[in-house]
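What follows is a short report on a single structure.
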Amino acid sequence: MRLSLTRFTDLGLNDSILSAIAEQGYETPTPIQARAIPQVLAGRDLIGLAQTGTGKTAAFVLPLIHQLLAENKQAPGRSCRALILAPTRELAAQIEEQVRAYTAHTRLTSAVIFGGVKAGPQIKTLARGVDILVATPGRLLDHLGERKARLDLTSFVVLDEADQMLDLGFIPAIRKLLRLVGKERQTLMFSATMVPAIRQLADDFLSNPETVAVTPPSKPVERIDQKVLYTEAADKPEALIDLMAPEAGKRTIIFTRTKHGADRVAKRLVKYGHKANAIHGDKSQNQRTRALDAFKSGESPVLVATDIAARGIDVDGVDLVVNYELPNVAENYVHRIGRTARAGATGRAVALCAPDERVMLKDIEKTMGVAIAGLNDAPPMPKGEAAKSKSRRRGGRRGQGQGQGEGAPSGQKRGGASGKPRQGGEDARGGKPQRNRRSGGGGQRRGPSATAAE
Ligand code: AMP
């Protein structure tokens, strides 16, 4: 991670925050932190253009904590002082883990709320009031609709990964939520890209915002050894087993287009001696958390995932990304392979490419501006596929449906008239109740967060 010349002690953050930062082992603020923290401390609304991996979470959480400590107010019942909205359950949980770490030396409380788990414990936690609430939009709207939550006394709002919210169809829900937050507030918005719909959202809900943009240290694609293996679709199961044989025990993420595909691939890998789990939107929250923990710890180093389930997974040390099927959207390929080569490391990516995916491969190469070397010779391009390539590109990004195979309707909006994401979004998906995970060493932290999603 690229670091700036500013020191954390230059930023004027509360000592309890500086202690927590030191415990995390952070020595210097990242560029987004060095530039965003002073703006937030000055009370400005902010648009942060930054991707995951730039340290953006701490860029908004640290000054937020400072502001809350300076205010020294009590959290309002059925509500929160600061609200952080995230597109997926995984991301919400990861943000709250960071909030816990950074508030470890304060009396501030935090909680996380997302769909797919029982509402009761969340309502109970909210009733007492929390300082920092991390939530996915759908479930929070449910609580608001049932008058179990209120936002009129909330004075800080962070919208994280706004572009993912857009892709998942959550913008109507976000607009509805933002209208319910008190006018006297500070609003921060983070997004990797600034597309017109996100610009409009900022214009409508942010007041004279400062914009801070950072580019990632170096494009991960430059640090990834990418290969493609040409194969018939029917031969993919066998090709994958061959490909994975020398990779046993290495941390690998395999992407499939569909949930069933993910299950099938994981099963087959297990049959051939690999320790593998599937993660997708039909898995209960418990199963997803267990699979992710086993992947992180190395106990089960192979994770077979769909795009939506994998979004926001922040695991360093992924050796290999396999695209069992190519994604329909070229940008998703870049997201997928970005799972390897994190934190400055180099990584490897292999795509299995069937004849009907050749068009996609071409789009991907064009998007990245690099040709992907073949592990075998490319058969001639099937007739008619080249023509398809052109019409695909004209189709644009949103219409391709990021959540293919995850129940995400192509080009449709998920938010209905109610502004609530329809079933099919990760946020709205069913699942079993789950105990909140903590990133080790917890236990002493007071606060209701441990019960929020039980
Ligand atoms: P994010 O972009 O928020 O997803 O952060 C990416 C990773 O960088 C997380 O694992 C953070 O714990 C880590 N991180 C955040 N800030 C710093 C920093 N100043 N120095 C080193 N690592 C950091």
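Every number in this text was worked out from the coordinates using simple rules, so none of it is lab data. Quantities reported herein were computed from a predicted structural model and do not represent experimental measurements. A quick note on method: Cβ atoms are made from the backbone with ideal geometry, for glycine too, and the neighbour counts reach across all protein chains shown.
Data for the structure
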quantity	calculated
Only Lys, Arg (+1) and Asp, Glu (-1) charged, at Cβ; region 8-213 dipole about Cα centre in debye	900 debye
Inter-part distance where region 1-76 and region 200-270 are each reduced to a Cα centre, Å	30 Å
Stretch gain in nm, segment Ala197-Thr9, where the contour uses 0.36 nm per residue and the Cα spacing is subtracted	64.0 nm
Average Cα contact separation per residue, region 23-101, under 8 Å, 6 or more apart, as relative contact order %	28 percent
Segment Asp319-Thr367, extension gain: residue separation times 0.36 nm, minus the distance between their alpha carbons	15.0 nm
Order of Lys366, Lys176, Lys56 under a 10 Å beta carbon neighbour criterion, fewest first	Lys366, Lys176, Lys56
Value of D in µm² per second that Stokes-Einstein yields for region 8-213, Kirkwood Rh from Cα pairs, at 25 °C (0.890 mPa s)	146 µm²/s
Size of charge dipole - region 67-108 - debye, nearest 20, with Cβ of Lys, Arg +1 and Asp, Glu -1, no other charges	200 debye
Region 157-207: relative contact order in percent, alpha carbon pairs under 8 Å with at least 6 residues between	54 percent
Per-pair calculated FRET efficiency, R0 = 51 Å: Lys183 and Val270 via Cβ, rounded to 0.05	0.40
Segment Thr346-Asp204, length gained on full extension (0.36 nm per residue, minus Cα span)	47.0 nm
Which of Asp377, Asp167, Asp225 has the fewest Cβ neighbours within 10 Å, and the rest in rising order	Asp377, Asp225, Asp167
Spin-label pair Ser284/Arg128, simplified geometry with 7 Å Cα→Cβ offset, distance in nm	2.6 nm
Cross-link pairs beyond the 22 Å C-alpha cut-off, checked among Lys259/Lys366; Lys236/Lys267; Lys56/Lys227; Lys118/Lys283; Lys56/Lys148	Lys259/Lys366; Lys56/Lys227; Lys56/Lys148
